[in-house]
Structures are given as structure tokens and as C-alpha cells.
Amino acid sequence: MKIAVWGTGMVGDTIGSRLIELGHEVMMGSRSATNEKAAEFVKKNGSKALQGTFADAAAFGEYIVNCTHGVATLSILESAQATDLTGKVFVDISNPLDFSKGMPPTLSVVNTSSLAEEIQATFPDLKVVKTLNTMWCGLMVNPVMLANGDHDVFLSGNDADAKAFVTEHVLKAFGWADEHIYDLGDVTTARGTEMLLPLWLRVWGATGVGAFNFKIVK
Ligand SMILES: NC(=O)c1ccc[n+]([C@@H]2O[C@H](COP(=O)([O-])OP(=O)(O)OC[C@H]3O[C@@H](n4cnc5c(N)ncnc54)[C@H](OP(=O)(O)O)[C@@H]3O)[C@@H](O)[C@H]2O)c1
């Protein structure tokens, strides 16, 4: 498939590189069509890797994976052509982390809403699926690196078909087993996974280890 990966940071590079390993073509989106990190991504990944603006990537991709700075995501969406967003699945991995008051960051939207809900409400023609935002990016694409994959990933979104698509083509393709994929419900349930970040950040701060994940034990 042709896939847009928005974001030139560690997450965009990790997700984009893995999707290419799986045989897909990926355009990495950025504010600049000549972004240096995106150029490195293209150099490293060969002919199936491309770079462009966020809008170029939206036009290219059959679906979009959002790996951008969460507080910038809405303005990035505004930069894309509306016709390139209509009906597309939007895999939202971002977190609304606000670093303006120092470390650890706070959440810019919280309690009564979430970034995923703001995206869905502002762009109703997108099919927003929030997932993978609760763990370090190395684990997202390689869950078996920890406890042989015995830990969990969450999904939130209003569109059942979009969630089924993401489960099959993203999560299972990355190695997540059915029993570790928790569909929490509609997009409002993203409040729960985005609000896990303050805990994630404290565990990271206390242990100095980012390669950990959460597991639901019943
Ligand atoms: N690091 C992890 O393991 C991890 C785990 C779970 C979730 N996340 C979430 O994944 C997302 C990506 O994280 P990251 O560390 O890879 O990258 P990041 O530094 O949070 O974001 C990089 C991307 O955001 C864009 N960006 C930043 N500020 C912007 C602004 N003011 N206006 C427009 N675009 C802007 C950059 O555009 P340019 O390309 O133009 O510079 C770049 O493409 C974040 O939301 C993060 O919370 C990260």
C-alpha cells in the first residue's frame, strides 16, 4: 500500500521504516519538502521511501499515520487538502504533550476531551483510530522484544471498520497478538490512553527505562 507517515521524529522514522520492511511504500511528511531527517529516512530505506510536505504525504497515502508533535497536529491537518483527508483512516499515535512549562510535560487537552476527539470533531470525514501512543516506539513495531509480546495495546475510534483495518494492517502486521489488542470503544476512550502518559512519564523518570509496557491482568 501507499502510506503517509506524518512526522520526522523517532516515531515517524520507526513506523515508516517498519512499514517499508513489510513491503509498503511510505511518504514521510514534514513542514518542509526537503526536511533533513526525512532525507535521511529516504536514504536509509531506498526506493520505497519518499519525502514531502504533510500535504504531499496526505495526497499520497491511502491512510495516514500521525507521528507529529501532538499540540501541532490540528494545525498540520489544516495544511492538507480536505479532499486528501476525506474518508481516510488516521492512525493517531501522537500525545498532546505540552513542554512549555518544563519537564515532565503536562497534557494540553485532558479530562473532558482528548486530542483524538479534537481531531475527530474538527475533521469529521477522517476515521480517527487512536492506538500505540502508550508505549515507546521501538515496542510499537516489535512487541516480542519484551516478555515475548505478553503486554497490551489499546484502540479507540468511532468507526468499527477503521479499527478492524488498523488491527489487521498495522497492529497484527507489527506482531501484536489478538489477545493483547484491547478495543476500548469510541474515540472518547482515547482520554484514558492519553491520560496514561503522566504515569508513563513517571515510570520512565523513576526507572530510566523506556522499553516497558502496560499489561491488563484480570
Ligand atoms: N517517542 C516515543 O517513543 C513516543 C511514544 C508514544 C507516542 N509518542 C508521540 O508520537 C509523536 C511523535 O513523537 P516524536 O518524538 O517522534 O516526534 P516529535 O518531535 O514529537 O514530532 C515531530 C514532528 O512534529 C512536527 N512538528 C513539531 N512542531 C511543530 C509545529 N509547531 N508545527 C508543525 N509541525 C510541528 C515536526 O515537523 P518537521 O518535520 O517539520 O520538523 C515533526 O514532523 C508525539 O506526539 C509523541 O508524544 C512518542
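Key figures
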read-out	value
Members of the range 24-81 that are polar (S, T, N, Q) and either open to solvent by less than 40 Å² (accessible area, probe 1.4 Å) or within 13 Å of the ligand (Cβ to nearest atom) (or both)	SER30, SER32, THR34, ASN35, ASN45, GLN51, THR53, ASN66, THR68, THR73, SER75, SER79
Residue within the range 203-216 that is among the basic types (Lys, Arg), more than 15 Å from the ligand (Cβ to nearest atom) and farther than 18 Å from GLY138 by Cβ present	no
All positions within the range 59-84 that are over 16 Å from the mean Cα position of the chain (by Cα) and within 20 Å of ALA121 (Cβ to Cβ)	SER75, GLU78, SER79, ALA80, GLN81, ALA82, THR83, ASP84
Check on ALA173, touching a residue at least 12 places away in the same chain (Cβ under 8 Å), within 27 Å of LYS2 (Cβ to Cβ) and not acidic (Asp, Glu)	yes
Residue list for the range 5-23, restricted to those being on the phi < 0 side of the Ramachandran plot, within 7 Å of the ligand (Cβ to nearest atom) and open to solvent by less than 20 Å² (accessible area, probe 1.4 Å)	TRP6, GLY12
Helices (runs of 4 or more DSSP H) wholly inside the range 81-166 that include at least 3 residues being under 24 Å from ILE20 (Cα atoms)	137-140, 160-166
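Residues are listed down the side, and each one gets a yes or a no for (1) open to solvent by 70 Å² or more (accessible area, probe 1.4 Å); (2) at pLDDT 95 or above; (3) within 14 Å of the ligand (Cβ to nearest atom); (4) aliphatic (A, V, I, L, M):
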| residue | (1), (2), (3), (4) |
| --- | --- |
| THR131 | no, yes, yes, no |
| VAL141 | no, yes, yes, yes |
| HIS169 | yes, yes, no, no |
| PHE174 | no, yes, yes, no |
| GLU179 | yes, yes, no, no |
| VAL187 | no, yes, no, yes |
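The values are calculated or read from the model by the stated rules, or taken from the named source; none is laboratory data. These numbers come from a predicted model, not from an experiment. Cβ atoms come from the backbone with ideal geometry, glycine included; neighbour counts cover every protein chain shown. Keep in mind that these areas ignore ligands, DNA and RNA; they rest on the heavy atoms of the full protein, side chains included. Shrake-Rupley method; radii C 1.70, N 1.55, O 1.52, S 1.80 Å.
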